[in-house]
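See structure below.
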Amino acid sequence: MRVLLFGTYDTRLHPRIKTIAEGLRDRGVDVAECNAPLGLDTAARVKLLTQPWRLPALAARLANRWAELALKSRRSRWRPDAVVVGYLGHFDVHLARLLFPRTTIVLDHMVSASGTGQDRGLDGGPRKALLRAIDSAALRVADVVAVDTPEHLETLPGRYGDRAVVVPVGAPSAWFGPVSDHAGGALRVVFYGLYTPLQGAPVIGEALALLAGKEIEVTMIGTGQDYAATRAAAEGNDRVRWLDWIPSEELPALVAGHDVCLGIFGTGDKARRVVPNKVFQGAAAGCAIVTSDTAPQRRAFSDAAVLVPPGDAKALAEALAGFAADRAALAEARDRARSVASAAFAPDAVVAPLMHSLGSGPRGRRAARATR
């Protein structure tokens, strides 16, 4: 089988497509890429909807990247059996359909545009309607729709359910390095992210304030919407290190140097439907995982993670204090998390459902769509 990864995705910002590529190659698939990164993260794209006068600049940038993608695809004599449009490919999927009209098109619809807009605080009205229209148009042209959890699958309109497949986020192979030995010293805790409402970072800040004076050292990596509120909430704890960001290639080793990796603690609907990158990656790196007790995270990790109620800073603080006081429990939690990640969320494991979905081939899927 030949699979082409296509679009304006950026693996430095969103490693999901990298995990899919590695998994497909591990399973013997011939994988190629046609990629021209747009250079805008999720926050920047959503911000454009609050500043519509910037949309022409986005259109110009997108047109430039699409011209590059079209040129690359036309110059190549490599003909794929399937095209996987990378995450945040709501527009790219239309170009993929134009360039590969008789090929199975897979849209990685890990997050909907409308759900992201709601999470970032966009109100209803025309902007919400626009985001829904963007989602609907993207779903309509895809043959296969990949989502990350059963909860996200349930949010798709019913007519797309029979062509959807759940592909867990997982972690790229770079995260499965040697597990560090952290004997003695203060408990080392890490969080990294874009400080979106989904992540519930201010809850972490409140927990850190409760832990002031404890033998717990915390590294907080990233900036974003809730950064100021998080830092204000953590005021008084002088054992917190704040880093703006770390290059993606350096992040696995840095996280592996900690005992505990924090997940998400938001209370919104979207936060209850996802298992974030950092949970899979932290587990792969050999950290104990502390994250919110939601259905998808409980299903993914069960007793291999410490789950606390969403939005509960006191419960989070107690979980971290418990690890600081009981190193045997910490070692066991680290081993359990790594074992689950290695067995179920390495690249070759997460792509299994996608491989099964592609098994019918492009003709079968196109014919099936024609009958609807």
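The values are calculated or read from the model by the stated rules, or taken from the named source; none is laboratory data. Computed from a prediction, not measured in an experiment: that's the story for all the values here. All Cβ positions, even for glycine, are placed from backbone atoms using ideal geometry, and neighbour counts span all protein chains on display. Areas reflect the complete protein model, heavy atoms only, side chains present, ligands, DNA and RNA absent. Shrake-Rupley method; radii C 1.70, N 1.55, O 1.52, S 1.80 Å.
Does residue 314 meet the test of being touching a residue at least 24 places away in the same chain (Cβ under 8 Å), of a type in the set (Lys, Arg) and surrounded by 16 or more Cβ atoms within 10 Å (Cβ to Cβ)?
For residue 314, the condition - touching a residue at least 24 places away in the same chain (Cβ under 8 Å), of a type in the set (Lys, Arg) and surrounded by 16 or more Cβ atoms within 10 Å (Cβ to Cβ) - is not met.
I'm trying to understand the selection: among the residues of region 9-41, which are assigned to a loop (DSSP other than H, G, I, E, B), under 17 Å from residue 90 (Cα atoms) and modelled with pLDDT of 95 or more?
Of everything in region 9-41, just one residue is assigned to a loop (DSSP other than H, G, I, E, B), under 17 Å from residue 90 (Cα atoms) and modelled with pLDDT of 95 or more, namely 36.
Mind checking which residues of region 165-187 are of a type in the set (A, V, I, L, M), surrounded by 19 or more Cβ atoms within 10 Å (Cβ to Cβ) and closer than 23 Å to residue 22 by Cα?
Answer for region 165-187, where residues must be of a type in the set (A, V, I, L, M), surrounded by 19 or more Cβ atoms within 10 Å (Cβ to Cβ) and closer than 23 Å to residue 22 by Cα: 167, 169, 171.
How many residues, within region 136-159, are out of contact with any Phe, Trp or Tyr (no Cβ under 6 Å at 6 or more places or on another chain) and buried (at least 20 other Cβ atoms within 10 Å of the Cβ)?
Qualifying residue count for the region: 9.
How many of the residues making up region 244-262 are open to solvent by 20 Å² or more (accessible area, probe 1.4 Å) and within 26 Å of residue 314 (Cβ to Cβ)?
0
Filter the strands (runs of 3 or more DSSP E) completely within region 107-224 down to those with at least 2 residues that are within 18 Å of residue 270 (Cα to Cα). Reasoning before the result, please.
On the way: elements: 144-147, 164-166, 187-192, 216-221.
Output list reads 144-147.
All but one of (1) buried (at least 19 other Cβ atoms within 10 Å of the Cβ); (2) modelled with pLDDT of 95 or more hold for residue 365, so report the exception by its number.
(2)
If you scan region 317-332, which residues turn out to be surrounded by fewer than 23 Cβ atoms within 10 Å (Cβ to Cβ), within 18 Å of residue 265 (Cβ to Cβ) and in contact (Cβ under 8 Å) with a residue 24 or more places away in the chain?
If the condition is that a residue be surrounded by fewer than 23 Cβ atoms within 10 Å (Cβ to Cβ), within 18 Å of residue 265 (Cβ to Cβ) and in contact (Cβ under 8 Å) with a residue 24 or more places away in the chain, then 317, 319, 321, 323 are the ones that fit.
Might you check whether a residue that is in a helix (DSSP H, G or I), more than 23 Å from residue 334 (Cβ to Cβ), open to solvent by 10 Å² or more (accessible area, probe 1.4 Å) and in contact with a Phe, Trp or Tyr (Cβ under 7 Å, 6 or more places away or on another chain) occurs anywhere in region 280-298?
Within region 280-298, none of the residues are in a helix (DSSP H, G or I), more than 23 Å from residue 334 (Cβ to Cβ), open to solvent by 10 Å² or more (accessible area, probe 1.4 Å) and in contact with a Phe, Trp or Tyr (Cβ under 7 Å, 6 or more places away or on another chain).
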